[in-house]
Structures are given as C-alpha cells and as structure tokens.
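We did not get these values from a lab; they are worked out from the coordinates using the rules stated. Quick caveat: nothing in here was measured; it's all calculated off a predicted structure. Positions of Cβ are backbone-derived with ideal geometry, glycine not excepted, and every protein chain shown enters the neighbour counts.
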Amino acid sequence: MLFFTGIVCAQNYERYGAFQSTNIKLYEGLTEVSEWYDIPVGLAFIYRSQINPSNIGDKINLNPATFERDFSNSYGISGNFSIGSMNKDMIPDILFYGGLAGTYISGLIDKNSISDKSFKRVFLFRKSLVYTYTLTEWVKNLVKRERPDGSNNRSFFSGHTATTFSAMTYFFLTSRDFFEKWSVTAHNSDLRTLFQSASFAACFGWASYVGYSRIKDKKHYLSDVLTGAAVGTIISYFLYDHYLSDDSLPNMFELMPGRESLNLAVRVKLQ
C-alpha cells in the first residue's frame, strides 16, 4: 500500500513538474516575441473600427483602372460565393489554436519535447496575423474604393488575400525549416527539395486561389488582390526572418564594447 501510494505521489509530482515547466516555456515564448511597439499596434488593432474619416478629412479616393473593371466584368460573377470567400480567419485560427494546444499538450506529456522556441513560433504566427489585419483594416477605412459588386467602398485592399498569404507564408517558412532539420530529409537533398516544393505549392496554391475567388465573386479588383498578397507575404516573411532566422539582417550585426571604444561586429555564415 505504501509502495503504491509512493508511485502515485511520484507521478503527480512529475505531472506538476511538466505543467510548471510548460507554463514557464509558454511565458518565455510569449515574451520573446513581445516588443514595445506592439503596444501602439495593439491599440490600433483594438480601435481599428473607430476611425472617423471626418476627423482627418475626406477619404482617399482610389478608382480602379479601366482594364481592372473590364477584367472584373469578364470573370466576376455577382452573387457568387466561392470556398475561398469563406471566413478569412477560420483556417488561421485553426492553425494557431491547434498549434498552441498541440505544443502545450506535448509539453505535458514530455516536458523535454518542447522549448520556449516552440511557443515562440506559435505566438509569432499570431503576431504576423495581427499586424497584417491591423494594417488592412486601417487602409480599408482610409481609402475609398467601391467593390465591383457595389456592396460598399472597402475594396482596397483584399483582407482575405492579405490574411491568407500571411498565414501561408509563415506556414511555408516553418515547414521549410522543419524539412531542413528532420532526420528523414536533413541528409537527403532531393527528398528535402521535394517536400519543400510540395509545401510551397500547397501553401501558395491555396493563397492564390483565395485571391482569385475574391475577383471571381466580384468583391475585389486585381490590384486589391495583388496588394493584399504582397502585404501579407512581406509582413510574415520579415517577422519570421527577424525573430527566427540566424541569418536575418538584424542578427548579423553585434555591438561589442571594448576598453575605450564600442566596436561593431558582423557575423557571416560561410556555409
């Protein structure tokens, strides 16, 4: 009886240790992606719908080019609803909350299977989406462009496209790095290239379809979609590169104090 009780106590202590360790790593991962400028961005995100154009003058009028109108009239279908026009936040939310839950559960099962960087990747994914969404909403509220179907004047630029490209860019970069280190593909360049190419095709194929569907459903013009794709891709790429890549531009430079001077060191990866 005493032996059984000891085993139960040991198991409970081990679970408590895993729980505590996982929470610490979660907190560290969150703080590692937090910056002072997240505060104004967060406030802008919260108050994105409170913009009153009358306080800053008239909205910026941005009319589509003639060829864009012709393109929309040729390929767009009023009242159409493609699968790419579904709730733009659904897939990113599934990826974020699924990734967060999966990482947390993995830590509880085996606290050595994850690190603070595991949570850092998950929270950085969310950060890229918030940045993309905030910029998109502010531009939509400041720029007046009527949608092809005439439903409102928030056509520029496409939020569906920006959000999807942001999520898929981040997901592709994560999978690319995973295949670089995965034991199955790390030492097999052909297989690694195959998996990375398949990931690229799947991610950007879906993102491109979403952009196309917004034109087909007469919700956006071509420049709305192209701008949204560029915004989402650039934001996710630079955030990922800055926080997770050892070869990013900010990480290449380091200030090293000397006895009577401050020296600038440059790190260059030779292979």
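Summary table
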quantity: Dimensionless Rg ratio for region 54-107, taking C-alpha atoms and the 2.2 N^0.38 Å reference; calculated: 2.01
quantity: Proximal lysines relative to LYS25, as straight alpha-carbon distance under 24 Å, when same-chain residues fewer than 8 apart are discounted; calculated: LYS111, LYS117, LYS120, LYS127, LYS181
quantity: Label-point separation in nm, ALA198 to ASN112, each point 7 Å along Cα→Cβ; calculated: 3.1
quantity: Cross-link reach list, lysines versus LYS218, counting only Cα pairs under 29 Å and skipping chain neighbours closer than eight places; calculated: LYS59, LYS88, LYS140, LYS144
quantity: Cα Rg, Dmax, region 72-148, angstrom units; calculated: 18.6, 57
quantity: Built amide H within the under 5 Å cut-off of ASP217, gap 5+; calculated: ILE77
